[in-house]
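The values are calculated or read from the model by the stated rules, or taken from the named source; none is laboratory data. All figures in this text were calculated on a predicted structure; none of them were measured in a lab. Note that we place each Cβ from the backbone using ideal geometry, even for glycine, and neighbour counts take in every protein chain shown. Accessible surface is based on the protein model in full, side chains and every heavy atom, while ligands, DNA and RNA are left aside. Shrake-Rupley method; radii C 1.70, N 1.55, O 1.52, S 1.80 Å.
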Amino acid sequence: MRMRLLLVAVVALGVAFASPALAQPKDIVDTAVAAGSFKTLAKLLTDAELVGVMKGPGPYTVFAPTDEAFAKVPADVLAALGKDKAKLQEVLKYHVLTSKWTTDDVKLVKQTGTAQGKAVTFGAAGGALTVNGAKVVKPNVDCTNGMIHVIDAVLLPPQ
């Protein structure tokens, strides 16, 4: 009887501890949507018809502006992007690297090219990693097809 109780207790504990492991890893898009603070980014990816690409195998690194970061962009600039899908794609691709980079990788270089074609520059401000001056507020969010680094500003490619 004592052995049976021990077995039941072990099985019950195993189920309790195994439950979090059952959570399925998510791709970049699903991770951003689940976070709840990237509604604008998700909408713009949909408008630009880039969701399928960002759900692809990658690997990608995305410098993801929060909804608060997009709120800092003048409304007329966002409206203009909404009317010009090619320009919107350019801006969104400027936030993407076509390989998986952790912050440790980023710290090894000063600059790298983006999926858009133009380079971003890395630095440090007050101990925080920056990309084109935008602060990385949450680094190294691992996804099945890459990495997200949450940033506090929207990156605009140079003209």
Next item on the list: Restrict the search to segment 32-124; then list the trypsin sites (Lys or Arg not before Pro) that DSSP places in a loop and that have at most 16 other Cβ atoms within 10 Å of their Cβ.
Entry: Lys55, Lys72, Lys100, Lys107, Lys110, Lys118
Next item on the list: Give a residue-ordered list of calculated ³J(HN,Hα) values for segment 145-155 (Karplus: 6.51 cos²θ - 1.76 cosθ + 1.60, θ = phi - 60°; whole Hz; x for Gly, Pro).
Entry: 10, x, 9, 10, 10, 6, 10, 9, 8, 8, 8
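Determine the per residue accessible area of segment 23-159 with all protein chains present and a 1.4 angstrom probe, expressed in square angstrom.
Details: 7070 Å² over 137 residues.
Computed with neighbouring chains in place, this is 52 Å² per residue.
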Notebook entry, point to check: Around Tyr60, which amide H atoms from residues at least 5 apart in sequence, or from another chain, sit under 5 Å from its own amide H, with H modelled in the peptide plane?
Noted result: Gly146, Met147
Next item on the list: State, to one decimal in nm, how far the label point of Lys85 lies from the label point of Thr144, with both points 7 Å from Cα in the Cβ direction.
Entry: 2.7
Notebook entry, point to check: In nm, to one decimal, how far is the Gln159 label point from the Ala119 one, both placed 7 Å along Cα→Cβ?
Noted result: 2.2
Item checked: Built amide H within the under 5 Å cut-off of Lys135, gap 5+ -> Asp152, Ala153
